[in-house]
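Chemist: Before anything else, here's the structure in question.
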Amino acid sequence: MITIEQLKDIQERTESLHKYLDIENKRIEVEEEELRTQAPGFWDDAKAAEEQMKKVKDIRKWIDDYEAVKNATEELTLAVEFYKDEMVTEEEVDNDYNTALDLIEKLELRNMLRNEADSMDCVLKINSGAGGTESQDWAQMLMRMYQRWAEAHNYKVRISNYQEGDDAGIKTVTMEIEGDSAYGYLKGENGVHRLVRVSPFNAQGKRMTSFASVFVTPLVDDTIDVVIDKNKISWDLFRSSGAGGQNVNKVETGVRLRYQYVDPDTGEEEEILIENTETRKQLENRQNALRLLRSQLYDRALQKRMAEQQKIEAGKKKIEWGSQIRSYVFDDRRVKDHRTQYQTSDVGGVMDGKIDGFIKAYLMEFAANPI
C-alpha cells in the first residue's frame, strides 16, 4: 500500500506539470490555431495547411497528455479515500499509483525535450567496429535493440541502407525512425557502444570485446532551410540488395552520394558519404540520399550551436559526442552508461529494447536549455 507521502508527491508533481507546461495558455493557443484551419481557402496551399494541422496536433497532445495525468491523479486520490472505507483493495490502489506515476514520468521526460531539433524524427546509423564477425554481429544486435524500442513506442522504422556482414551480422545500417520526439529521445545514444561476452564465433570460447558506433541526427523536412551546394555533389551507382541479401538487383539502383563539405568556420574540407538502397528505383534513392544529406548538414550546424551554448553555460557538464558511452557486459549481467553511471542487470531486457532508463538518466543530466 502506498504512503501518504507518495500520494502527496504525485499530487505535487501533477500541479507542477500544470504550471511548467502552461496548460491554460495552451488551451487558448490551440483554440486560436484551430480557428485558422477553418478559414476559407485553408487547403489551397496543401503544404502550409499540413504544417498548421501538425502545429495544432502538437499543442493538443500536450493538453491531452496532461489531462491523462490529471485524471490518473484524481483516480488515485479517490482510490485512497475508498480504501479507507474498504471499497477498494490495496492492490487496486497500488495499480492506480503505478499508472499515475508512469504517466507523470513520461510527461516529465517529454518536457525535457525543448531544443529546436528534439521534436523531429531521426536518422540512426550503426557501423560495426574492428573485429570482423564478432563486431558485425554486435552491430546487428544493436539494430534489433533500437527496432524493438521503436516498436514498443509505436514508432515507424524504415531501413534506408543495409550492408550485410561477411559471415554474420551487418557492416552498417541506416534507419529512419519516425515518431513523436524520436530525435530528442535517441540523441543520447550517439557514441560508441562496447560489448563484452564469450564469443560464439571464437572456437576457444574466449571472452572478447567488440565495438560498434551509433550516429543519431535529426531527420529534417522541407520546413527546415538547409543550403546544399550542388556543385559539390557527385554520384556513384551500384547494385543493391535488401536486408538478408535476397532479391539482388540486376541493374544499378543503389546510389552513393559524395558531398565535398567545407567547414564554414575553419575552412577544412571533408567528404560526406551517404549510401541509399531503400527502393528499387534509382531516382527515389537519389532523393532519399539528398534528404539524408540535408539532415547531416543540419545536424552539423546544430552541434556547433550546442558547443557554443556549452561554452557559455559555465559549470555545465560537457557532452562528448562520439565517445564510448556504454558497456554491455553479458557475463556479469551488467549494462552501464559511463556518462550518467546508470546501470541495470537486465541485459536481456535491454537487448529487447528496454532502454528508457538510460534515456531518462541521460536527459535528466544533460538536457540543455533551448538554443
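Here, each number is a calculation from the coordinates, and none is a lab measurement. These numbers were taken from a predicted model, which means no experiment stands behind them. For neighbour counting, all protein chains shown are included, and Cβ atoms are generated from backbone atoms with ideal geometry for every residue, glycine included.
Chemist: Cα-Cα over 21 Å: which of LYS125/LYS171; LYS8/LYS57; LYS26/LYS47?
Modeler: Violating the 21 Å Cα-Cα cut-off are LYS8/LYS57; LYS26/LYS47.
Chemist: Taking Rh as the Kirkwood radius, which is the inverse of the mean 1/r over Cα pairs, what is the Rg/Rh value for the range 106-211?
Modeler: Rg/Rh: 1.05.
Chemist: A further question on this structure: In a Gaussian network model over the chain where Cα atoms closer than 10 Å are linked, find which of GLU86, GLU74, GLU275 has the largest mean-square fluctuation.
Modeler: Per the Cα network of the chain with a 10 Å cutoff, GLU86 tops the list.
Chemist: If exposed trypsin sites (Lys or Arg not before Pro) are those in a DSSP loop with at most 12 other Cβ within 10 Å, what is the longest stretch of the chain that has none? Walk me through the intermediate numbers first.
Modeler: On the way: sites that count: LYS206, ARG239, LYS250, LYS281, LYS317, LYS318, ARG333.
No qualifying site falls inside 1-205, the longest such stretch.
Chemist: Compute from the Cα atoms of the range 251-298 the Rg and the Dmax, the latter being the longest Cα-Cα distance, and quote both in angstrom.
Modeler: In order Rg, Dmax, the Cα atoms of the range 251-298 give 12.4, 41 Å.
Chemist: Projected area of the chain, taken from the Cα convex hull and averaged over every viewing direction, in nm²?
Modeler: 24.6 nm²
Chemist: On alpha-carbon atoms, Rg over Rh for the range 4-111 using Kirkwood Rh?
Modeler: Rg divided by Rh gives 1.16.
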